[in-house]
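Notes follow the structure.
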Amino acid sequence: MKIGIVCYPTFGGSGVVATELGKALAGEGHQVHFITYSQPARLDFFSSNLYYHEVSVRDYPLFDYAPYESALASKLVDVVRFEQLDILHVHYAIPHASAAFMAKQILETYGINIPVVTTLHGTDITLVGKDPTYKPVVTFSINKSDGVTTVSENLREDTMKHFDIQNEIRVIPNFIDFTRFSSRPKEHFKKAIAPGNERILIHTSNFRKVKRTADVIKMFRLILDKIPSKLLMVGDGPDRANNEMLCRDLGICDHVRFLGKQDAIEEILSVSDLFLMPSETESFGLAALEAMACRVPIITSNAGGLPELNIDGFCGYMSDVGDVEDMAAKAIQILQDDVILEQFKTNAFTRAQDFDLKKILPVYIDYYTEVIASK
Ligand code: GMT
């Protein structure tokens, strides 16, 4: 197949899923064309089946806001026509699904019928999409897509609840590539972070409000009372400065390291003992799955799609959003005993295998085939 993929090219979850999917499809012999405003963060190697088409937005003194959506739609028309694509797969509803609809309409005037699959990732529905500013466009473009997928059953239900959807929505969960994410021996690194053989806890995110990163710090403060430990805060975003202040206020700066954005996250996960994700909501929780693949158990909230990933008491524990005492108590339960910790680590790896790329990739390929056949 010749597949066009539209996504946000950043480290955000939807961009990561889109890029990893495209790379895996290319590995299976499909021709994959990324159409984005800059090179996707994880598209960092050459493959003869991978193409990148940059959407450049012309600025003009009249524009307060450059019209990216029109530039994207025009680029899609161009790429679909000249590369003779079979299908377009757009990740994140806003503005990709509506730009794809516009391109589809234009392509019809050339006698081309291009099927469009839209994948909803979460915040495009739960936070941004249902805002009245965007809701009519999001509803329309979901209904006009030839195929729609969500990354969890919970996100499917949320979409049906908040939007007037006539289309069938297929659930295809996030996936993990074990050739990249697996536990690696990094003893020297572990010693550098935890010279006294302390337990290592980790949080990775974009430090936005929805991630409740202050809860990570508060939880860690309670854990530190009982278990000698270190906390790694990986990533960057709006709440980071406040989190650093909170660590000072709580007097725990010596035990917390803010590492900023990291490319080789699998190496840091490999030395970690527990992953913390107390999010307000999370459509799937890809960062938690990456941790589990590296044998790291997880403490999460029970919000959104997290119960579809985290099996309570097996690969980690879940608590109500904001209940940092309960989260800390459960973390201590896992960390206080070597045998228990080892069991949770093994279970985390076992659970992650349910989301192996090798299992999920054929589901996407079958879905493309089905959508193309139905046109
Ligand atoms: O939450 C983020 O950090 C980024 C966000 C996004 O919109 O790209 O991630 C969303 O999509 C991921 C991939 O499908 C999911 O694993 C994340 O759970 C989801 N984030 C939220 O729902 C908050």
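Compare the Cα positions of Phe220, Ser38, Val363 along the charge dipole of the chain (+1 at Cβ of Lys, Arg; -1 at Cβ of Asp, Glu; about the Cα centre) and return the one farthest towards the positive end.
Farthest along the dipole direction, towards plus: Ser38.
Just need the Rg to Rh number for the stretch 255-375, please, alpha carbons only, Kirkwood Rh.
Dividing the radius of gyration by the Kirkwood radius yields 1.05.
Looking only at the stretch 276-311, which residues have a backbone nitrogen under 18 Å from a spot 7 Å from the Cα of Glu267 in the C-beta direction?
It comes to 291, 294-295, nothing else.
Relative to the first principal axis of the alpha-carbon coordinates of the chain, what is the inclination of helix 13-27, with its axis defined by its Cα atoms, in degrees from 0 to 90 and to the nearest 10?
Value to nearest ten degrees: 70.
Measuring from label point to label point, each 7 Å out along Cα→Cβ, what is the Glu342 to Ser70 span in nm?
In this crude label model, Glu342 to Ser70 measures out at 6.5 nm.
Compute the normalised compactness of the chain: alpha-carbon radius of gyration over 2.2 N^0.38 Å, N being the residue count.
Normalised by 2.2 N^0.38 Å, the Cα Rg of the chain equals 1.03.
Roughly what would the spin-label model give for Phe63 and Ile252, points 7 Å off Cα along C-beta, in nm?
Roughly 4.6 nm, to one decimal.
Counting only other residues whose beta carbon sits under 12 Å from that of Ile35, what net charge do I get with K and R as +1, D and E as -1?
Result for the local shell: -2.
Which FRET efficiency, nearest 0.05, do Asp225 and Phe189 yield, Cβ-Cβ r, R0 22 Å?
0.25
Only Lys, Arg, Asp and Glu count, each charged at its Cβ (+1, +1, -1, -1), so figure out the dipole size of the chain about its Cα centre, rounded to 20 debye.
Charge dipole of the chain: 460 debye, to the nearest 20.
Measure off 7 Å from each Cα along the Cα-to-Cβ vector at Glu244 and Thr179, then give the distance between these two points in nanometres to one decimal.
Reported label-point gap for Glu244 and Thr179 is 3.8 nm.
Could you state the angle between the C-alpha long axis of helix 153-162 and the longest principal axis of the C-alpha atoms of the chain, as a value from 0 to 90 degrees rounded to the nearest 10?
Roughly 60 degrees between the two axes.
Given a Förster distance of 30 angstrom, what is the FRET efficiency for Ala373 paired with Ile106, based on the Cβ-Cβ distance and rounded to 0.05?
The calculated FRET efficiency here is 0.80.
By the gyration tensor of its Cα atoms, with a ≥ b ≥ c the square roots of the eigenvalues, what is the shape of the stretch 187-355: rounded for a/c under 1.5, prolate for a/b over b/c, or oblate?
Since a/c stays below 1.5, the shape of the stretch 187-355 is classed as rounded.
Once you charge only the Cβ atoms, +1 for Lys and Arg and -1 for Asp and Glu, what is the size of the charge dipole of the stretch 187-355 about its Cα centre, to the nearest 20 debye?
Dipole of the stretch 187-355, to the nearest 20 debye: 360 debye.
Every read-out reported here was derived from the displayed coordinates using simple, explicitly stated rules and does not represent laboratory data. Here the structure is a predicted model, which means the values were calculated and not measured. Every residue, glycine among them, receives a Cβ derived from its backbone with ideal geometry; neighbour counts consider all protein chains shown.
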